[in-house]
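The values are calculated or read from the model by the stated rules, or taken from the named source; none is laboratory data. What you see is a predicted model; the values in this text were computed from it and never measured. Every residue, glycine as well, gets a Cβ built from its backbone with ideal geometry; the counts of neighbours run over all protein chains shown. Ligands, DNA and RNA are excluded from the accessible area calculation, which covers all protein heavy atoms including side chains. Shrake-Rupley method; radii C 1.70, N 1.55, O 1.52, S 1.80 Å.
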Amino acid sequence: APQAKEAVDKFNKILKDGKAKIVHNENWGLKKFAYPIQKKSTGFYNLIEFEAAGNVIADLELAFKRDERVMRFLTMKMDKHHVAFAEKGREMAK
């Protein structure tokens, strides 16, 4: 959906403006929620794997909270084992 792409582009720009390195960006498409959120049963999911300083993450999360198109978000820190697992998964998917 154009609105989902616009939102993802906005958040990628926030990361780039904060000098973050975007490692991987993956559109998971339209998925059904486990339970309704804001009276909706589906939503577009997107994964962005990036490397950034803590203040960039704070700015990104604030932008998520302020954007009405974002219903839920999750930011997590990946240790070296998570990074290796993600890289291996992407290689196997090729």
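Before moving on, here are some points about what is shown:
- Restricted to the chain, the set of helices (runs of 4 or more DSSP H) holding at least 2 residues that are touching a His at 6+ places or on another chain (Cβ under 9 Å), open to solvent by less than 100 Å² (accessible area, probe 1.4 Å) and on the phi < 0 side of the Ramachandran plot comprises 80-93.
- Tally, over segment 72-94, of residues that are farther than 18 Å from residue 26 by Cα and not basic (Lys, Arg): 2
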